Structure formats: C-alpha cells, structure tokens
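Engineer: Here you go, one structure.
The values are calculated or read from the model by the stated rules, or taken from the named source; none is laboratory data. In this text the structure is predicted, and so the values were computed from the model without any measurement. All Cβ positions, even for glycine, are placed from backbone atoms using ideal geometry, and neighbour counts span all protein chains on display.
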C-alpha cells in the first residue's frame, strides 16, 4: 500500500474568493500544502471563470465574479485560450510574495456559458464545515467509505472510464458491468463524488467522461 502522503488530492470545486479569504498552511515533508476555508481544506482547486489577461505562454489571470487570481505553470507550457474565454482550471494554490496564485495543471476551454450558471448553483449549496478534517479527505467523507477504500475504488472507476469510453462517455451501469467486484451503491457514490470534485464531468444525461 502506498503511503497516504502520495494519495491523489481531490480537486475541490470552489470560488476564487474561497482561496483569497482562506488561510494558507505549509506542511512538512510530502504532505501537501493547503488553504483552510470555511468549507474545509483545499490542496487542489477546481475553478471555473473567465480569462481576463494573458501575461505569458504559461501565465494568465482568472476571474470568476468573486475575485481574480493569477494562474501560472513553472513546469509546462500549454496553449492558453484567448482573453474572454471561459475555462475550467485545476491547480494547486500557492503563495509567493504574500500573493495567492494557482499553479495550474489543467486548463480546459468551456464552450457554453451555461456551465458558469451550473457551477454557481453547485457552489451555492455547499455547507460550511464545523471542524477541520484532521487526517481525513473529503472524498471518503462524502461516500462514507474508509479513505484507502475510497482511493482504491475511485482509481478503478477512473481507469475504467478512460479505457472503455469510446467517445460518448460511460454510465454508472456501464461502470458496474465492467467492475462487477464493486458494490453498486459504492460505484454510484464514488461517481457522484468524483463529479463533485471535478475529476469527471457529465457529458450527456447519465453519462460521464474523465476531465
């Protein structure tokens, strides 16, 4: 079994203001740094917004209506969409010279502005947490599965979707058919959590694809 510190960190759907208003914590060793918000810890963020400035081939400014944040990459160069484009960005919050920015991993252009409204509704129904999740992760808390069990099952489901998706996405029934060893309820709970955390998205009613 791999050490907990190497487990994939959930990309939490959040607003820019959540990051700007949160408190940044630096961890020791391999434990990921995070921003503590009223909705819990955020080590990887999933933000949807509009590019309002492109500063270089690996740097831009994102605005989601609650605030603006720089997004940068020091390890890779990707094709950044033009100013005015709606994008979904997954990245790790970082601090430099007392400024919070996103060290981005994925920048995906969104063609329909309707997704902005969907994201706003998703964020509007969140509930503040009463405590910090010391030693736990949101994925396991949302499904009720032990942390290691959640990661094992989510990895299997993600790999199945990647391999079996012929272009139209997979339904929960398709995933169950390919993973008969998993309990049906667990499959549905993990899929719901992966969607909430931005690992997968609904490409058509009842069918999902890996982001």
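Engineer: Name the single residue that is surrounded by the most Cβ atoms within 10 Å (Cβ to Cβ) among those in the stretch 18-45 being in contact with a helix residue (DSSP H, G or I) (Cβ under 9 Å, 6 or more places away or on another chain) and not in a loop (DSSP other than H, G, I, E, B).
Structural biologist: Looking at residues that are in contact with a helix residue (DSSP H, G or I) (Cβ under 9 Å, 6 or more places away or on another chain) and not in a loop (DSSP other than H, G, I, E, B), I get 45.
Engineer: Just name the residue that is nearest to residue 100 (Cα to Cα) out of those in the stretch 51-75 that are in a strand (DSSP E or B) and touching a helix residue (DSSP H, G or I) at 6+ places or on another chain (Cβ under 9 Å).
Structural biologist: Looking at residues that are in a strand (DSSP E or B) and touching a helix residue (DSSP H, G or I) at 6+ places or on another chain (Cβ under 9 Å), I get 69.
Engineer: For residue 36, state whether it is touching a residue at least 60 places away in the same chain (Cβ under 8 Å), under 23 Å from residue 128 (Cα atoms) and more than 15 Å from the chain's Cα centre (by Cα).
Structural biologist: When the stated conditions are applied, residue 36 passes them.
Engineer: Please indicate, with yes or no, whether at least one residue in the stretch 85-93 is over 18 Å from residue 106 (Cβ atoms) and part of a loop (DSSP other than H, G, I, E, B).
Structural biologist: no
Engineer: From the set of residues in the stretch 51-62 that are surrounded by fewer than 19 Cβ atoms within 10 Å (Cβ to Cβ) and in contact with a strand residue (DSSP E or B) (Cβ under 6 Å, 6 or more places away or on another chain), which is farthest from residue 18 (Cα to Cα)?
Structural biologist: 54
Engineer: Same structure, new question: Can we say residue 48 is surrounded by 19 or more Cβ atoms within 10 Å (Cβ to Cβ) and in contact with a strand residue (DSSP E or B) (Cβ under 8 Å, 6 or more places away or on another chain)?
Structural biologist: Yes.
Engineer: Cβ-Cβ under 8 Å, sequence separation 6+ or interchain: first residue in the stretch 83-100 and more than 16 Å from residue 25 (Cα to Cα) and not assigned by TED's automatic domain parsing to the domain that holds residue 34, partner surrounded by 12 or more Cβ atoms within 10 Å (Cβ to Cβ) and modelled with pLDDT under 90. Which pairs?
Structural biologist: Partner pairs satisfying both residue conditions: none exist.
Engineer: Continuing with this model, one more query. Checking residue 93 against (1) within 27 Å of residue 203 (Cα to Cα); (2) in contact with a helix residue (DSSP H, G or I) (Cβ under 8 Å, 6 or more places away or on another chain): exactly one of these is not met. Which one?
Structural biologist: That leaves (1) as the condition not met.
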